[in-house]
Every structure is written in C-alpha cells, then in structure tokens.
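Remarks on the structure that follows.
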Amino acid sequence: MTTRLARPADADAIARIYNQGIAARIATFETEPRTAAQIAAQLADKGDRFPTVVVERDGRVVAWATAGAYRSRPAYAGVAEHSVYVDRAARGTGAGRAALEALSQAYAERGFWKLCSRIFREHTASLALHERSGFRVVGVYRRHGKLDGEWRDCVIVEKLLGPALDAG
C-alpha cells in the first residue's frame, strides 16, 4: 500500500468509496450519493490547507481520509474535523490505518495540532481503527442527530499532533 495526497483524477474512486459508506448507514448522516464532479469540486475548494489523502493498492484507490475546519474562531485554527472511508473489499487490511496515519502527518506538516471526529456509537470497526491509530475517546454526544428518522449517538474522538503532543 502507498499513500499520497489526492488528485482531481481520484474523484471517481473517492465518490465510489464514500457512497458505500452512505449506503451502509453506519458512517455518516449524509443520505444522498455523491458524484465525482461534487468530490472534484470539494478537493479544489479545500486546496492545500485541507488536503485529502488516498491509499492505493496495486494502483487502485482503496481508502481515503480528509478533514475540514473544526470551527471558524481563530482559537481553533489548528483543529480539523476528519473523516475516513475504506472500500468494502479493503476493510480489515490496514488501509484505514494507513489513511489516518497519512492524514495525521499531512495535517501536522500544515501546523494543525489536533484531529477530531464523531463516530456512530455502533460503528465498532471505526472506533477500533481510531484507537489503533492513536485517537482517544473524549465522550459521547447523545442523540446528536437523526438518520432515517432514528436518533444516533456519536462518540467523539481526538488525536493530538505536532507541538500539542510535546506540550506535556
């Protein structure tokens, strides 16, 4: 497996993998599939400040991770909220961990000091992946949102990067 920053040509693969997560109803509150054009526009909008990373195996994208601004207040300029998605056929092979490690490195290089996310409580595979990748559970948002009319609890995770790690 290799990791690298995503390119516009990856938009189709990223959309395909993301749409698997949307369809499974365990990884996101989103319900509408994404097109390659929508993903390409997101990649362009995020630019180099909020890059997406991809994991390739045999020249094929099998996982990706990205992040965006956590909040607009200056105090949170170094905090990014992330997502990670793995192709069904590549789950359990280390692709998710490779994506999270590459994302952590890319964001630390850009001066970020923390990655965070919210994970559905029942998505035990994602929770385990994050724990293996150095994230810690901060707490649980109860009834954080509804998906298909059902309340979902979200587990909050975080990982310190760069200078925040060394702060003690």
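Neighbour counts of C-beta atoms inside 10 Å place Ser104, Ser83 in the sequence Ser83, Ser104, starting with the fewest. For the chain, averaging the sequence separation of C-alpha pairs within contact (under 8 Å, six or more residues apart) and dividing by the residue count gives a relative contact order of 19 percent.
Distance from the C-alpha centroid of segment 15-59 to that of segment 120-154: 19 Å, rounded to the whole angstrom. Over 25 Å, how big is the tail of the calculated P(r) for segment 13-168, in percent of all Cα pairs? Summing the P(r) tail past 25 Å for segment 13-168 gives 28 percent. The helix-based estimate of mean residue ellipticity at 222 nm for the chain, built from -39,500 (n - 2.57) per DSSP H run of four or more residues and divided by its residue count, is -9500 deg cm²/dmol to the nearest 500. Of the residues Phe50, Phe29, the one with the fewest other Cβ atoms within 10 Å heads the list, and the complete ranking is Phe29, Phe50. Can you list residues from other chains, or at least 5 along the same chain, whose modelled amide H is less than 5 Å from the amide H of Phe120? The answer is Val155. Exposure proxy shown here: for Trp64, Trp151, Trp113, the number of other Cβ atoms within 10 Å sets the order, fewest to most, as Trp151, Trp113, Trp64.
Every number in this text was worked out from the coordinates using simple rules, so none of it is lab data. Computed from a prediction, not measured in an experiment: that's the story for all the values here. Methodologically, a virtual Cβ is constructed for each residue, glycine included, from the backbone with ideal geometry; neighbour enumeration extends over all protein chains shown.
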